[in-house]
1. Tell me the per residue accessible area of the chain using a 1.4 Å probe; a whole number in Å² is fine.
2. Residue 141 to residue 18: extension gain in nm, 0.36 nm per residue of separation minus the Cα-Cα distance?
3. So what is the 222 nm mean residue ellipticity for the chain from helices alone, if each DSSP H run of at least 4 adds -39500 (n - 2.57) and you divide by all residues, rounding to the nearest 500 deg cm²/dmol?
4. Net charge near residue 99, counting Lys/Arg +1 and Asp/Glu -1 over other residues with Cβ under 14 Å of its Cβ?
5. Residues in the range 42-65, backbone N under 20 Å from the label point at residue 113 (7 Å along the Cα-to-beta-carbon vector): list them, ranges by number please.
6. Quick check on the range 66-188: take the gyration tensor over C-alpha atoms, sort the square-rooted eigenvalues as a ≥ b ≥ c, and tell me if it's rounded (a/c under 1.5), prolate or oblate.
7. If you average the sequence gap of Cα pairs under 8 Å that are 6 or more apart and divide by the length of the range 50-130, what percent do you get for the contact order?
8. Identify the GluC sites (Glu not before Pro) of the range 1-100 meeting these criteria: DSSP loop state and at most 13 other C-beta atoms within 10 Å of the C-beta.
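The values are calculated or read from the model by the stated rules, or taken from the named source; none is laboratory data. For clarity, every value in this text was computed on a predicted model and none was experimentally measured. All Cβ positions, glycine included, derive from the backbone under ideal geometry; neighbour counts span all protein chains shown. Side chains included, ligands, DNA and RNA excluded: accessible areas come from the protein's heavy atoms. Shrake-Rupley method; radii C 1.70, N 1.55, O 1.52, S 1.80 Å.
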Amino acid sequence: MARVREFDTDVAVRRAMELFWRQGYEATSVQDLVDATGVGRGSLYAAFGCKEGLYEAALRRYVEGSTHELLLRDAPVREVVRDYLLALVDEAVDDHERRGCLVTNAAVERLPHSGVTGRIVRDALDAVRDCVLAVLRRAADRGELSPEIDLVATADFVVTAVQGLRVMGKAYPDRRTLTGVVDTAVRVLG
């Protein structure tokens, strides 16, 4: 007869996510995870298979909690994109631990060595790209953008700017510097 799981997996994944977010995958030991989650080593292995399995569950949890609400607003494209990017600047400046974005951290630390992590990262980036592309298409339909603008390439550029802001925000959490990057990115929209 199989044993009944004696811990809340949602709580364990959330605590592991916080730990991986602060320390990264490589710097986090299984003992660190045991200490952070309060779950024994054997139980963690039974539930998640291995450290990487728990990391992938934690990364999925982070992605599920991500929101792109600012991109869903019905406002002029430059305002929508600028406000979205400025919200990332606020996050970076207010992040005194310099955790950054767990998806960006995963891309930098784990790719190309982990196929599952790679898929989670690509899916997360695709979700942002799809939101940005929807904003750009709506703006193009309204005549806010030049007909010569390649909407797909511009959406890819904005996602790249987002990731660049995430990395710069960890290294230089300076509002003035990061706002300059935002202003430059918005100028691409014409």
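1. On the way: 10280 Å² over 190 residues.
Result: 54 Å² of accessible area for each residue.
2. Numbers: separation 123, 0.36 × 123 = 44.28 nm, distance 4.14 nm.
Contour length minus the Cα-Cα distance gives 40.1 nm.
3. Working: 9 runs with 135 residues, N = 190.
Mean residue ellipticity, 222 nm, calculated: -23500 deg cm²/dmol.
4. Numbers: positive: 22, 98, 166, 170; negative: 18, 91, 94, 95, 97, 109.
It works out to a net charge of -2.
5. Answer for the range 42-65: 49-60.
6. Working: a/c = 2.12, a/b = 1.33, b/c = 1.60.
Oblate is the answer for the range 66-188, as a/c is 1.5 or above yet b/c matches or exceeds a/b.
7. Details: 35 pairs, mean separation 26.7, N = 81.
Relative contact order, the range 50-130: 33 percent.
8. Values: sites: 6, 18, 26, 52, 56, 64, 69, 79, 91, 97; in loops: 6, 26, 97.
Passing sites in the range 1-100 are 6, 26, 97.
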